[in-house]
Structures are given as structure tokens and as C-alpha cells.
């Protein structure tokens, strides 16, 4: 685990015993006094008004599962920080985690259940009893008639006991249509690791103990999988491993936040990152860097990928490829990671197989500073098991259109926004007789619901988390309410249990609510073995976990000693395929997760709307990134509004001249362009997902959202791009941009159009 010496960590954890059953439980947070870390529902007698109380829980702003400590005063949550005792966050927290308070206090939150009027025009308030009864009546009728499979539950990705509760509920209805959909789900990485190592889980990359990291498209410091944990590991690597300062190389077509932090940033043609990886592997094998019994098989498989040949395909010189390979071989703890755009082309799985094969060839599997496979999940089958691909979502839409789905229950996912218009998902949902939303907000998808049963936010709910990729060994955390519910909402688990009982499934769902269901599940965790924490029975164990915020087992997953038969012979990377002809659509479109808004789910939080993009300083909008050469050729300047056209649609946004993007690539952040997501998100910018072609990743059937070609059409209009800081390359710049009521710029004549705020690295290619 990065950042903390493993032996010291186990001392801190109070671990004892040995073997797979030995467990640890973190004691009180070292950041805050132990007497302030108490379950909300059992407030101590010494509680005093005016004295802050801290509660440990789990952040749900993304899937990373960071542990957090929430400061409360008089029953109100005031501040969120990272829990120092939690192995994922280690006391750190990203901007999204900090903004969780604005989920709780957002003025656009739904405050109670609602149902549409008979003419389907308005949503009007109803009681919870009316809402549950209305849904239960419909579900009971479908179950009784053997049509339980016409019920679909479409949820954001969840893990832990909430996931098992959903599974139990749908199984009792007789439906196999439990679907989790997240635009950011790394399905290609799951498939690559399963093919290469036979494990259908995300691996743990021990960045903190690596001294040479090569990243292929993975923006691990900002948006990829677990950025808080990765950032801490990056800092540890930079401080030095055994006295050696870690070096970092980033390979991608457009500079990301991680690329801006790299020692060397190399621009590679989109979709060719896997070819670069195999060229590096070719050099390692041919130069004696790998001496395994299967060396001849590797040499044969890698023969077509010499550095000279791949230089022509990738845009990187053979000298650069060889230099990376030599450093990778000579460093003590080398590590290769891949993701982001590299995994979202038509050859995404093959690319990530090639990247992770480097870790096998260098012999760093299961070692410090290497790739570690996590143990099997303690609860359920893992967060990624039920994730839907683009193909799955298209099939769901088809089922809705042909009448196979009678009831759709929505929870925390927004596919109308996060799917291309080509999927026609909005039109499909309109064909479903009853759409029910459990979400806390109205968005583009939940706005189509005829029945709204709004849930608590995560700061008001019981739950638990067993994060993937974890930290190399098993951890789990209990999520507890830190405040009483602000509105007439209910926890999602409570809604499902209540609904099941109303249907007549009390014997199968005997619990009073989610807290009781959760405690029953953790009884099984307690019974796994010697918890080694001094707890006197389960209640003591439960209270200790709630206070500490985390529990875990110290045994790591097994390191693979070999590869499945036939894997080496199958390793290859085909050239990427892009939709649209190069004549009509000369540029490759590079949409990327916003560093501030990610996939758009956080766009309704004003703190994040106001947070400057770290590489452009832009706020409150969308932009189109053009290389300076491209901008000059097209006679475009910063602020010129252009139309980005694909074979499947058009969006408009102003130009931003970005020197760290390839001339044949057009970049655009994802996250804006909402039409129905509250006052802070609606009507801002454009949504690049809309115009993506339905190009599929070859193996998974997922959306290859980096595989669309576009054209750029000037509109002749201009706008002043709003930034928090003026011009980074002039010391006499205006710090705050001044725009008058007439919309004109009044910043003393600064030439914003010709300048950029990007810290450009030397690109050696």
C-alpha cells in the first residue's frame, strides 16, 4: 500500500493473528479526537451544543470508496475531510468529496414523493404510503401473472449489501433485469485482467512503491478509478523509494492532468497506445529483459511489433520507444498502467492486455511497486459484475420499445444524458407504462418518471462499501448517517425492504430497515475469524467499525505464477477503427472526463461549476480544444464559436487553443450540456456524448467513445471564455476577468485569444 509502510500500517490497525481469517480494525482517526467519533444514532451523553462532532462514513461521490470524516454542529454537517485511518483516502479528499455537502443542502433536492396527474402533465405531492402502494400493486400483478421479468431495475453501480438487497428483490420478483450503468465503468480493464490473469476484478497498482511508472492514457491523478489514493501514491513515489525518486511517463494524444505532472509526456496517435506497449515488450524480450520458460512464445507473438515498425503507426520515434523500454527494464520497481482513452477505442481490451503484459514480463506481479490482484470480494460478486455495456443498454431500449418492459425503476443513473443520441434511449423510456425514480434529483432520465420516491443522500443513509480496486487486501467500511434526514425522503434500502413487504414478501425480507439488514450481513463478516481487535462480541465489533470507519483483512490476493494457456499467442493489437470518413470528418474526436464535473453527475453542484479546470482555468462552460497549428490553418482564435459535427449530430462550443493536443485531434470535456438537472447545471455548455457514433469495443460490446471522427465548422460568432485567472504567460495579467453588463471584455486590452494557461512539457517524439 502506498504512503504507509505495510508493517507500520498493521501496527496502527491493531492487527493480530495470521492467515486469511486474521483481520484488523482501524482505531479512531488520528486526525480528530476519539471521543468525537461516534455513531450518529447513539449520540453520547457528553454531547454539548457548540462543540463539533465528527462521524466516520464513506464518500459516495464516485466509486472509489474513500473514507471520510464529517464535522457536524448541532445536527448540521459543516465540513468533510478524508478519514486518516482509511487505507483508500488516508486523510485526503478530492474536490468532489468536499462538494458532498452541496448534495445534502442542494436547493434542487426532491423533498418528498410525487406522482404525475392523470393527464401526465405535472408531478404532484403524494404520501409515502400512496407511492409504495401504487408501485407494489403493479409489481404484485406482474409477479402473479408470471411477468416478473417485465420489471427492470436500472441503477448506478453499487456494491456491498445494497447490491445484494437489489439482487434479492429482483430474484423474488422473478426478473433478471437488474442492470447497473455507469458511463465511467472500466469494463475493458476488467476484461483485460480476466483474459490475462483469470480474475474478474480490478487490480491494485502500487504506485507509491514504484520508481518508474508508465501510464498509457490513464489520468490516474484526476479522473481514473481512484484518484485520491493514486495521488497519495504518486506523492510517495516522488519522495523516493529506497532513496530513489520515482519517475513518471505519460503516453496519450491529449495532455491530461496526469500528463502535466509527468517527467516525460509523449503524444501518441489515438488508439495506438497498445502498439507502443507491445513495441516496448518487443525490446524487453529481444534484449534479454525477460528470461522465462515461455520466452520463445513471447518473441514470436511480439515479432510484428518492433520499435521501428511501430514508430510509423504510433507517431513515437523508435528512439523514444527504446528509451522507455530500457528505463522500464533497468528500474527496480517498474509499473505499467492503462486506461482512459486508451481503453475506449475499438481495440480497448487488446490495448490493456498489452499494457498489463509489461508487468508480467518485468516480474512485478504481487510485489511492492507492482500489480497486485485483490482477494475475492467479501460481499457479493464485486462492483463490476452487473455493469451494463452499451450493447446491453441498446438491447434494454429495444425491449422497452417492443413492450417487454412494463415497469422501470431508476436509481442514481442518467443514461439519457450519458448515452449517445444514436441509442434513442429517451424515446424508448417513453414507451414504458410505469417509470419510477428513486433518485434524489430530477435529471434528464428521472424527469421521464411518472412516480417519484426520492431517496436520502449518502450522508443520511446506512450502507457499506467494499471498494474496487481496493488496496491489495480486503477492506470494508460502514456508511452511517451523519445527520437526520432533512426532507421527507427515505433510504434506498428502506424503500426496497418496505416495497417487498408490501408485495407480500415479508418472510424473505424480515428486516425493519437497511440498518438491521446491514448488521445481519456484518454478522457474517464478524464470524469469518479472529478479528483481533479486542471486541467482546458482535455489538462491540459493530460499534468499533462504525466509529473507526473501516475494517479489513491483511492477507493479499495470490500473485499469478503463470498465464492461462493460449494467452501469449493471442496477444496482438489491431489498428483502431474510427467512424466517419477522413475526407468528410478530418479530425479524431477526443471527449474526456471533466477534471471538475467528471461524467456530468456533479454538474448540479455550484462549487464544482466554479472550480477552474486545472489545465485551462475555465469555469461554467464547455470548450473545443484545437492545436495551435490547427487553429491557425482554420483561422480560428480563442472564443470563436464552432460547430463540432459527427456522422450522428452537432454540438457548438467556443474554441480554446491548446498546445498539448495533437493537430489531428479535437478535444472536448464531458460534463456540461444538461437540459434538465437543476438551476446550476441546466443550460450550460454542450454534451459531447450526444454526437458520438455507436462504435463498439470489439470484445466487450461497450461504447468506444474515443472512436468518432468529426469536422469543425466555424459559425462566425464569438464569446469571451470565462476563466478565473487571466493570462498565465504575462506577469501583468488581470487576476479576475472583468466582463461588463454588455458582455464585452473590460480587462485592459489583454489578448486572451492568443494565450493559454497550460503548463506545457517538453515533448520528445
Inset, instruction - Quick one: in the stretch 595-612, of everything that is touching a strand residue (DSSP E or B) at 6+ places or on another chain (Cβ under 7 Å) and crowded, with 23+ Cβ neighbours inside 10 Å, which residue is nearest to residue 691 (Cα to Cα)? - result: 600
Inset, instruction - For residues that are crowded, with 23+ Cβ neighbours inside 10 Å and not in a strand (DSSP E or B), tally how many sit in the stretch 235-270. - result: 9
Inset, instruction - Evaluate the following for residue 98: is it crowded, with 16+ Cβ neighbours inside 10 Å, touching a strand residue (DSSP E or B) at 6+ places or on another chain (Cβ under 8 Å) and over 23 Å from residue 462 (Cα atoms)? - result: no
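Let me confirm something: among 684, 679, which residue is at pLDDT 90 or above, farther than 29 Å from residue 586 by Cα, part of a loop (DSSP other than H, G, I, E, B) and assigned by TED's automatic domain parsing to the domain that holds residue 630?
Among 684, 679, only 679 is at pLDDT 90 or above, farther than 29 Å from residue 586 by Cα, part of a loop (DSSP other than H, G, I, E, B) and assigned by TED's automatic domain parsing to the domain that holds residue 630.
Residue by residue through the stretch 287-296, note down the ones that are surrounded by fewer than 17 Cβ atoms within 10 Å (Cβ to Cβ) and not in a helix (DSSP H, G or I).
Those that are surrounded by fewer than 17 Cβ atoms within 10 Å (Cβ to Cβ) and not in a helix (DSSP H, G or I): 287, 288, 291, 292, 293, 294.
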Inset, instruction - Looking for whichever is out of contact with any strand residue (DSSP E or B) (no Cβ under 6 Å at 6 or more places or on another chain), buried (at least 23 other Cβ atoms within 10 Å of the Cβ) and farther than 21 Å from residue 217 by Cα here; the options are 673, 678. Which one fits? - result: 673
Inset, instruction - Go through the residues of the stretch 309-326 one by one and say whether even a single one is in contact with a helix residue (DSSP H, G or I) (Cβ under 9 Å, 6 or more places away or on another chain), closer than 16 Å to residue 571 by Cα and not in a loop (DSSP other than H, G, I, E, B). - result: yes
Inset, instruction - May I ask you to list the residues in the stretch 412-437 that are surrounded by fewer than 23 Cβ atoms within 10 Å (Cβ to Cβ), within 25 Å of the chain's Cα centre (by Cα) and not in a helix (DSSP H, G or I)? - result: 424
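Residue-by-condition table, conditions (1) under 14 Å from residue 489 (Cα atoms); (2) touching a residue at least 24 places away in the same chain (Cβ under 8 Å); (3) assigned to a loop (DSSP other than H, G, I, E, B); (4) touching a strand residue (DSSP E or B) at 6+ places or on another chain (Cβ under 8 Å):
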residue: 80; (1), (2), (3), (4): no, no, no, yes
residue: 90; (1), (2), (3), (4): no, yes, yes, yes
residue: 111; (1), (2), (3), (4): yes, yes, yes, no
residue: 119; (1), (2), (3), (4): no, no, yes, no
Legend entry - Single condition residue 185 does not satisfy, out of (1) closer than 22 Å to residue 590 by Cβ; (2) buried (at least 24 other Cβ atoms within 10 Å of the Cβ): (2)
Inset, instruction - Count, please, the residues in the stretch 124-155 that happen to be under 33 Å from the mean Cα position of the chain (by Cα), in contact (Cβ under 8 Å) with a residue 60 or more places away in the chain and buried (at least 19 other Cβ atoms within 10 Å of the Cβ). - result: 10
Inset, instruction - Collect the residues in the stretch 523-543 that are modelled with pLDDT of 90 or more and over 19 Å from residue 88 (Cβ atoms), keeping them in residue-number order. - result: 523, 524, 526, 538, 539, 540, 541, 542, 543
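Here's the yes/no breakdown for (1) under 22 Å from residue 218 (Cα atoms); (2) at pLDDT 95 or above; (3) buried (at least 24 other Cβ atoms within 10 Å of the Cβ); (4) in the same structural domain as residue 669 (by TED's automatic domain parsing):
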| residue | (1), (2), (3), (4) |
| --- | --- |
| 272 | yes, yes, yes, no |
| 298 | no, yes, no, no |
| 318 | no, yes, no, no |
| 327 | yes, yes, no, no |
| 348 | yes, yes, yes, no |
| 380 | no, no, no, no |
Legend entry - the stretch 468-492, residues that are crowded, with 21+ Cβ neighbours inside 10 Å and out of contact with any strand residue (DSSP E or B) (no Cβ under 7 Å at 6 or more places or on another chain): 468, 481
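The values are calculated or read from the model by the stated rules, or taken from the named source; none is laboratory data. Keep in mind that this is a model prediction, so the values were computed, not measured. So basically every Cβ, Gly included, is an ideal-geometry build from the backbone, and we count neighbours across all protein chains shown.
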